[in-house]
1. Sort 44-51, 27-34 by packing, meaning the average of other beta carbons within 10 Å per residue, with the highest value first.
2. Output the relative contact order of the stretch 59-98, whole-number percent, from Cα pairs under 8 angstrom with separation of 6+ residues.
3. Pop the C-beta distance of residue 80 and residue 107 into the FRET formula with R0 = 41 Å and round what comes out to the nearest 0.05.
Amino acid sequence: MPRTTAPAGPRASTEDAVLRALADPNRREILRLVRSKELAAGEIAARFPVTQQAVSQHIGVLRDAGLLTERRDGTRRLYSFRPEALEPVRNLIAEMWPDALARLKKAVETAHPRPAKTPRKAPKT
């Protein structure tokens, strides 16, 4: 049976890196932590029951995938989320599931139809 491989190229490798980074629940939690504010590596590590070295490895995977930015402040390294890095995954999902929003809209409208609008009466003069 022939083996299939992912298409080569920058787009595929970016999608793959982001998807691999998002596959781990600890990494997803790191992204949630830095979603709205910049945090130091030590602050991130303090919130996990694993070693600081393990958290540093997770941070490295997220940074290499482009999901985190790193800024140095003296000896501290501060990390923040780059939401634009999710764009390749958004595009992939849109490509694989192009009519998802239209189907969702139809399902919601079918389950919860809007009441018929009644015409407004003109004000008396």
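Where a number appears in this text, it was derived from the coordinates with a stated rule and is not lab data. A quick note: this is a predicted structure, and the numbers were derived from the prediction, not measured. For neighbour counting, all protein chains shown are included, and Cβ atoms are generated from backbone atoms with ideal geometry for every residue, glycine included.
1. Values: 44-51: 13.1, 27-34: 17.6.
In decreasing order of mean packing, 44-51, 27-34 become 27-34, 44-51.
2. Numbers: 28 pairs, mean separation 11.5, N = 40.
Normalised by residue count, the contact order of the stretch 59-98 is 29 percent.
3. Working: r = 36 Å, r/R0 = 0.89.
Computed FRET efficiency for residue 80 and residue 107: 0.65.
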